[in-house]
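Structure first, then comments.
Since every read-out is calculated from the coordinates, none of them should be taken as a lab result. In this text the structure is predicted, and so the values were computed from the model without any measurement. Note: ideal-geometry Cβ built from the backbone for every residue, glycine included; neighbour counts use all protein chains shown.
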């Protein structure tokens, strides 16, 4: 696993994108994870990228090669480097005193000095710290960043050196690929894909990367001890972020209006849609979408609901604080049976919480938000591929059952990047639900009582068709009606849709099941821990421990009978979640009566890694764990 780190604004994302794309172009599978502070510029940011010949979906605990753009990166991540791993560093900062690194907070330094003391290590400077790391086998690759950039500037006849000093990020990527002796062709292709529209910038970046590669080859003759080799592949692949996968799913799923108010990390999806508003599959622009930034989240959900009433597939996107503002509009949509989609990106909570970190603590909120009771469907994607397909299905569910649908994702998925075999559009279908055939009917009953509770839906503005929408209780026509009999029937009509959805929606869209059906240990989870759990299960199997895994993709309506049947057979039941209260475990116990034996939980804002999940599960299986384990990995 490679990690690049530096101040926000120093090109960490660009370096990671070059590295990731170069690996993808070489036929390798890639998983990348972006972590950053909630300020705009200056504080620490880092991007971890893992590559493999096989498909991967989670990161490891340890970094094999750390590319440090500054001193802070070394100090923050030094103990994450694996034994026999390496660190690329500017040789001019080896003498920097750790206490002089201004961006290191007092809270971090207190913890850092404590760890040093526990390890029996002493370090006043960055160089001292690296000497301590060498004792456990970490290799250090000091590089004269400024000297190399000056050489490149002279060769390019570039008088303004500052234009090249911004390319430290690209220089470290060149050094990285030189250390692992990677083929130059996919590297050049990656550089071209990012800077191809700017010939002069491309030329400079090419030169700097080549300088880094050559310096590495000339000065570190033994290399890294590991050669990164390209793979021959014939399948088409896509390299995509989670928020981009959702956006593309919405486009091909027929979404034609997206509303939003800027909020981290949800806004990235809408920005991507704004940049790609036309999905032109046949040359006539039929795939266009309108993206509307509203004055606040209240307006965003109400505008999306208004569009949905006209027959437009409409969505809004937000994160926790924004969804809190949307709650009254959500209740209005539920009361009026509006097929609106809310894409909900979870982040660290409560309140502003951790604006740029991940969390899975909003499940209960999504399931119960707004006063009173009404039907809604909640979908939880577990990886980037599911983000794409679930984005399409969310509209189908919304229109088939005429209910709001909340699509839950988390920041870990939203800001991660992954390579996949290109999505199969043949798997997609558009289902618009039961539409009204009446035209010119002034007595059209928009909320007509039916055996299924689904009323034939006419679009707002249909010629000659009149109906009413109100936040009050109403009759079949939509007129306000507070009578007892009507209230009893209409209230039940709305909620009973969930019973129909539970019967009709295929189990494979609601549950993922993995592993040995007869294994004595069953793991339950939801959202982004999926990939770390699956890889940890593979490791456990190699150790001789068989497990299986129930991934809950649709907590509302919950596949209670299936889950109850599976859990009743398990000798050990383990819940793995990214929150404190084990919210999914609580929902399952309420619905099935099945309680969990063990809990593996994490809420520090960082995603779960393969290693920490594996260690936690193995302790449980070997009867060496407490009932509740809290995971804390991540800087």
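Things worth noting here:
- Label zone at residue 217 (point 7 Å along Cα-to-Cβ), backbone N below 19 Å, region 20-38: 22-23, 26
- Based on every Cα atom in region 204-247, Rg and the maximum pairwise Cα distance Dmax equal 16.8, 45 Å.
- Kirkwood-Stokes translational diffusion coefficient of region 123-162, alpha-carbon pairs, 37 °C, 0.692 mPa s, µm²/s: 265 µm²/s
- Equivalent ellipsoid semi-axes - Cα gyration tensor, the chain, angstrom: 48, 29, 21
- For region 481-546 versus region 150-225, the gap between their alpha-carbon centres in whole angstrom: 48 Å
- Computed E for residue 491/residue 233 - FRET, C-beta separation, R0 45 angstrom, nearest 0.05: 0.20
- Burial order of peptide ranges 203-213, 110-120 (average beta-carbon count within 10 Å, highest first): 203-213, 110-120
- The share of C-alpha pairs in region 7-79 whose separation exceeds 22 Å stands at 24 percent.
- In degrees, nearest ten, helix 484-495 long axis to first principal axis of the chain (Cα): 30 degrees
- Ellipticity at 222 nm from helices only: DSSP H runs of n ≥ 4 in the chain, each -39500 (n - 2.57), divided by the residue count, give -12000 deg cm²/dmol.
- Listed by Cβ neighbour count within 10 Å, with the fewest neighbours leading, 221, 417 appear as 221, 417.
- In degrees, nearest ten, helix 106-119 long axis to first principal axis of the chain (Cα): 60 degrees
- Prolate/oblate/rounded call for region 2-219, Cα gyration tensor, a/c under 1.5 rounded: prolate
- Global geometry of region 291-383, whether rounded, prolate or oblate, following the gyration tensor of its Cα atoms and the 1.5 cut on a/c: prolate
- Cα convex hull of region 225-279, projected area averaged across orientations, nm²: 6.5 nm²
- Each part reduced to its alpha carbon centroid, region 130-144 and region 25-99 end up 15 Å apart.
- DSSP bridge orientation in region 2-219 - percent antiparallel, rounded to nearest 5: 55 percent
- Computed from the C-beta positions of residue 589 and residue 193, the FRET efficiency with R₀ = 60 Å rounds to 0.75.
- Fewest-first sequence of 270, 541 by Cβ atoms within 10 Å of each Cβ: 541, 270
- Tensor-based shape of region 356-491 (alpha-carbon gyration tensor, a/c under 1.5 rounded, otherwise prolate or oblate): oblate
- Share antiparallel - DSSP beta bridges, the chain, percent rounded to 5: 35 percent
- Solution diffusion estimate, µm²/s, Stokes-Einstein, region 212-315, Kirkwood Rh from C-alpha pairs, 4 °C, viscosity 1.567 mPa s: 77 µm²/s
- Helix 184-195 and the longest principal axis of the Cα set of the chain meet at an angle near 60°.
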